[in-house]
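Worksheet: the structure to be examined is printed underneath.
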Amino acid sequence: HLVIDEADSLLDRGFSPLTSAIIDRATPSLQQMVLCSATIPRSLDNYLRKRFPDIRRLVTPNLHAIPRRVQLGVVDVEKDPYRGNKNLACADTIWAIGKAAAAHEGPDKSVMDVKRILVFVNEREKAQEVSDYLTSKGIDAIALSRDTPDHRQSEILAEFTTASILTVPRTEHPGSLADNQPNYVPLGKTTPPVKRSLPNTKVLVTTDLGSRGIDTLAVRHVVLYDVPHSTIDFIHRLGRTGRMGRRGRGIVLVG
C-alpha cells in the first residue's frame, strides 16, 4: 500500500520525477495507492487521467474551498495610518488581535490565553525581515523557511501544532501601533521610556513551507502578508486555521 499525501505538491514539476520513480519501483507489488490532496490543479488532474484512467475519486464538498468557519478580512495598507507601510500594518493587525484577546476574561482572571498566529510571505528572505520587524515592535515572532535548520523546524512548529492552551500572567491591555510612533510608552520626562511588549501572542512568519501537511490546531488567525501566487496556495494558507470544525480568521494585507 502506498499513500501519497499532499499529492498535488509531490506530483508537480519539481517533485514529479522523484515521486514517479518511487511509484514505478512500488508498482510490481502494489495492492493499492491512495493520493490525498485538498486541491487538484489541472496539471495533476491531467496526470491522473492519463496515468491512472481507472482511478476512483472520493471527493468532499470542501475541495478547492476555504473552510466555512474561516472568516476573511482585508487590510488596505495604502490608507491611513499605514500609508504603504506593510510591516506596520502587519504589526498593528497582530496587536489588535492580542488586545482583543486580552480584553476577554476567562475563568481564571489572573492569566491570559496566548494567541498563536501564522504570517505568510512569498519569499524566504522576507520571512526573517518581517520576523525581525515584529520583534522590534514587542511581538514574540520567529521565522521559518527552507533556510531554517531541520532540527530547528520541528522545535519551532511544536508550539503551533499542539492543541493545549497556553497562558501567561495577565498584564494591562496592550495598546495600538497604528499611530506609527516608536514602540515606547513615555512614563515622564525624568523616567527612561519602557519598551512595550505583547505577551499574549506567538507569531510564526513563514513561506508556503508552513502551509501544507502541518496540523496547526492551535492557530486561530492567519495573516497573509503577501497575496500568494495562486488560488491553490491561498486555500492552503488559510487552511492552517479553522481546522477540525474550529473557528478561524484570515486577514489579507493588500495595497
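The values are calculated or read from the model by the stated rules, or taken from the named source; none is laboratory data. Source: prediction; values computed, not measured. Because the Cβ atoms are built from the backbone with ideal geometry, glycine has one as well, and the counts that use them run over all protein chains shown. Please note that ligands, DNA and RNA were not included when accessible areas were found on the heavy atoms of the full protein model with its side chains. Shrake-Rupley method; radii C 1.70, N 1.55, O 1.52, S 1.80 Å.
To put it simply, the accessible area of the chain at a 1.4 Å probe is 52 percent carbon and sulfur. On the principal axes of its alpha-carbon atoms, the range 1-133 has extents of 60, 40, 26 Å, going from largest to smallest.
Here the Gaussian network model covers the chain, with springs between Cα atoms less than 10 Å apart; of Lys126, Lys79, Lys137, Lys79 fluctuates the most.
Put Ser29, Ser136 in order of accessible area, highest first, and with a 1.4 Å probe you get Ser29, Ser136. Helix 42-51 versus the longest principal axis of the chain: what is the Cα-based angle in degrees, 0 to 90, to the nearest 10? Compared with the principal axis, the helix lies near 20 degrees. The label-point distance for Leu58 and Ser16, in a model that sets each label 7 Å from Cα toward Cβ, rounds to 2.7 nm. Put simply, the Cα atoms of the chain extend 79, 40, 35 Å along their principal axes, the longest span coming first. Semi-axes of the equivalent ellipsoid for the range 1-74, computed as √(5λ) from the eigenvalues of its C-alpha gyration tensor and ordered from largest down, come to 27, 14, 11 Å. In terms of accessible area, using a 1.4 Å probe and ignoring ligands and nucleic acids, Arg240, Arg68, Arg49, Arg246 rank largest first as Arg68, Arg49, Arg246, Arg240. Taking every DSSP helix (H) stretch of at least 4 residues in the chain, weighting each as -39,500 (n - 2.57) and dividing the sum by the residue count yields a mean residue ellipticity at 222 nm of -9000 deg cm²/dmol. Note on Ser164 and Lys126: the model spin-label points, each 7 Å out from Cα along the C-beta direction, lie 3.5 nm apart. For the chain, the relative contact order works out to 26 percent when only alpha carbon pairs closer than 8 Å and six or more residues apart are counted.
Within the assembled protein chains, the solvent-accessible surface assigned to Asp215 is about 70 Å², based on a 1.4 Å probe. Label zone (Ser43, point 7 Å along Cα-to-C-beta; backbone nitrogen cut-off 19 Å) within the range 7-29: 7-23. Around the Cα centre of the chain, unit charges on the Cβ atoms of Lys, Arg, Asp and Glu (plus for the first two, minus for the last two) sum to a dipole of about 560 debye.
Between the listed residues Ile55, Met112, Val77, the Cα displaced farthest toward the positive end of the dipole of the range 49-117, a dipole computed from Cβ unit charges relative to the Cα centre, is found at Ile55. Rolling a 1.4 angstrom probe over the protein heavy atoms with all chains in place gives the chain an accessible area of 58 Å² per residue.
Rounded to the nearest 10 degrees, the angle from helix 86-103 to the longest Cα principal axis of the chain is 80 degrees. Structural size metrics of the range 89-175, computed from C-alpha coordinates, are Rg and Dmax of 14.4, 42 Å. To test your reading of the geometry: what angle, between 0 and 90 degrees and rounded to tens, separates the Cα axis of helix 150-161 from the longest principal axis of the chain? Roughly 70 degrees between the two axes.
Between Asp147 and Val254, the simple spin-label model (points 7 angstrom out along Cα→Cβ) gives 3.0 nm. Quick note on the range 33-110: its Rg to Rh ratio, both from C-alpha atoms and Rh being the Kirkwood radius, is 1.24.
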